[in-house]
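Engineer: The structure follows.
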Amino acid sequence: MLSRRIIPCLDVREGRVVKGVRFRDHVDMGDIVDLALRYRDEGADELVFYDISASPQGRSVDRGWVERVSRLIDIPFCVAGGIRDVDTARAVLHAGADKISINTPALERPALISELAEAFGVQCVVVGIDSIREVDGEWRVRSYTGDPDHTRELPIRTLDWIAEAVRLGAGEIVLNCMDNDGVRTGYDIAQLQAARAVCPVPLIASGGAGASVHFAAAFIEADVDGALAASVFHSGRIAIPALKRELADQAIDIRRQ
Amino acid sequence: MRVVIVDAGGANTGSVRYAFERLDIDAALVTDAASIRAADRVILPGVGTAAQVMARLQQLDLVNVLRTLDRPLLGICVGMQLLFESSEEGEVAGLGLLPGRVSRLRGGPGLRVPHMGWSTLRATRADTLIDGVDGAQAYFVHSFAAPVTDDCVLAGDHGQAFAAAVRRGHIAGTQFHPERSAAVGARVLRNFLSPAFEA
């Protein structure tokens, strides 16, 4: 049986883990390896590192910290941010990342998804999608969401983009529901259910986790393969061992250590 | 102990090397026949497609070296799939060390392909390679899989049973990634390195 995955997401800037409103008021959370090991010990099934300094500055991920993490971490991890071409992806994968995640660059040039899938196999290629419900009730995608001043509204329907990304070679979709992001009122179950219906590859819920019940709802009601969260784990509001016990009590298949 | 990792161009060669480093083994990345023949343990990792890895082995002129090796050989992921006769992925011939053909996971309702994440291992017979891991979970990422044959020692399940680990004499393989399977993965690697593996 395949377990449902619990995935902490860490924002990385200059090789340190930071938190705060993206691009503003960053608080240093500590060394990337220390935090990665802490989450590994607590039972995280996978980690996502989002290099927030790379993408907006138009430079690629610093492979130094990717190597440091890979050396010490014995669970899978994905690197996001600043990956715009096959060469950069190769450098990140060869530094030890298991997967790479692309978002805005895939929207700007969808062929990038196919190029990465051909070069490394679909299992390495994650497409991250930032989605928002617009006034007409449709979910549509946003690009450049890392920087609120530069976020762009695109006319692409989220569900269409999921299908297209999978067709082009995405091996996994991370759907970040922006309406729920940071509010801790739960994942956007309706949107995740709609996404699930059009997504034959693994689907990861993102945005809105505030309590254990939110994870359970995403797994049970939206049948997602994994659930990603950041602040609730960093703040200690949700402890992964307790979360996993609660999920297991509800007969959700969770990895035991 | 001399452990070598065949650098077949896959993206996980670094991660595999680090996994041995965590076991205090300095495993060298190699591409030449002499280093492979002189090693005590040979690792064939693989991330990518079967065709890519096989083409690279041909380019390096290592196909026959691996076929005729008499030292313990561990294939990982695509590296394990290539131990078999052929793969549906790109219709490529493998090393042919184990009988059978690798085919695409069928998937189905509630069964996503790629099969990605932590999945349960079920021992199909006792073997040194898998001591202490029956019933545990390991990390898988794959769209193709080998059948459960007499060489299978651990089965996985994704709507269909498939070979999660194989063993025949000095030939072994894991479909999962021991380098990314926490304590379970480290245990399998230690089992492979142990003198008992050769007994």
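Engineer: Considering only region B:1-15, how many residues are outside any loop (DSSP other than H, G, I, E, B), more than 8 Å from chain A (Cβ to nearest Cβ) and small (Gly, Ala, Ser)?
Structural biologist: The number of residues fulfilling the criteria is 0.
Engineer: While we're here: For region B:57-85, how many residues meet the condition of being in contact with a strand residue (DSSP E or B) (Cβ under 9 Å, 6 or more places away or on another chain) and either closer than 23 Å to B:Pro114 by Cα or of a type in the set (D, E, K, R) (or both)?
Structural biologist: Number satisfying all stated conditions: 13.
Engineer: Hey, can you tell me all the residues within region A:132-150 that are within 21 Å of A:Gly82 (Cβ to Cβ), crowded, with 16+ Cβ neighbours inside 10 Å and not charged (D, E, K, R)?
Structural biologist: Taking region A:132-150 and keeping what is within 21 Å of A:Gly82 (Cβ to Cβ), we get A:141-150.
Next cut, crowded, with 16+ Cβ neighbours inside 10 Å only: A:141-146.
Passing the criteria: A:Val141, A:Ser143, A:Tyr144, A:Thr145, A:Gly146.
Engineer: Where in region B:113-199 are there strands (runs of 3 or more DSSP E), lying fully within it, with 2 or more residues that are modelled with pLDDT of 95 or more and more than 14 Å from chain A (Cβ to nearest Cβ)?
Structural biologist: Of the strands (runs of 3 or more DSSP E) lying wholly inside region B:113-199, those with at least 2 residues that are modelled with pLDDT of 95 or more and more than 14 Å from chain A (Cβ to nearest Cβ) span B:152-157, B:161-168, B:171-174.
Engineer: Could you list all residues from region B:76-102 that are buried (at least 17 other Cβ atoms within 10 Å of the Cβ) and of a type outside the set (A, V, I, L, M)?
Structural biologist: B:Cys77, B:Gly79, B:Gln81, B:Phe84, B:Ser86, B:Ser87, B:Glu89, B:Gly94, B:Gly100
Engineer: Could you list, ordered by first residue, the pairs with Cβ atoms under 6 Å in which the first is in region A:79-99 and facing chain B (nearest Cβ under 9 Å) and the second is surrounded by fewer than 19 Cβ atoms within 10 Å (Cβ to Cβ) and modelled with pLDDT of 90 or more, at least 6 apart or interchain?
Structural biologist: A:Ala95/A:Glu67; A:Gly96/A:Glu67
Engineer: Okay, moving on. For region A:171-195, enumerate the residues that are surrounded by 19 or more Cβ atoms within 10 Å (Cβ to Cβ), out of contact with any strand residue (DSSP E or B) (no Cβ under 6 Å at 6 or more places or on another chain) and in a helix (DSSP H, G or I).
Structural biologist: Correct list: A:Ile189 only.
Engineer: Given B:Thr68, B:Thr13, B:Thr31, which one is among the hydroxyl-bearing types (Ser, Thr, Tyr) and exposed (fewer than 15 other Cβ atoms within 10 Å of the Cβ)?
Structural biologist: B:Thr68
Engineer: Can you find a residue in region B:23-43 that is within 13 Å of chain A (Cβ to nearest Cβ), under 15 Å from A:Gly121 (Cβ atoms) and part of a loop (DSSP other than H, G, I, E, B)?
Structural biologist: No.
Engineer: Where the second residue is outside any strand (DSSP E or B) and among the charged types (D, E, K, R) and the first is without any contact (Cβ under 8 Å) to a residue 24 or more places away in the chain and lies in region A:101-112, which pairs have Cβ atoms under 6 Å and are six or more apart or on separate chains?
Structural biologist: Between residues of region A:101-112 that are without any contact (Cβ under 8 Å) to a residue 24 or more places away in the chain and residues that are outside any strand (DSSP E or B) and among the charged types (D, E, K, R), the close pairs are A:Pro105/A:Arg84.
Engineer: Condition check: touching a Phe, Trp or Tyr at 6+ places or on another chain (Cβ under 6 Å), more than 13 Å from chain B (Cβ to nearest Cβ) and within 20 Å of B:Pro114 (Cβ to Cβ). Does A:Ala205 satisfy that?
Structural biologist: Judged against the criteria, A:Ala205 is a match.
Engineer: Residues being buried (at least 21 other Cβ atoms within 10 Å of the Cβ) and of a type in the set (A, V, I, L, M): count how many of those fall in region A:160-170.
Structural biologist: So the answer is 3.
The values are calculated or read from the model by the stated rules, or taken from the named source; none is laboratory data. Being a predicted model, the structure only gives us computed values, none of them experimental. When we count neighbours, we look across all protein chains shown, and the Cβ atoms used for this are built from the backbone with ideal geometry, even at glycine.
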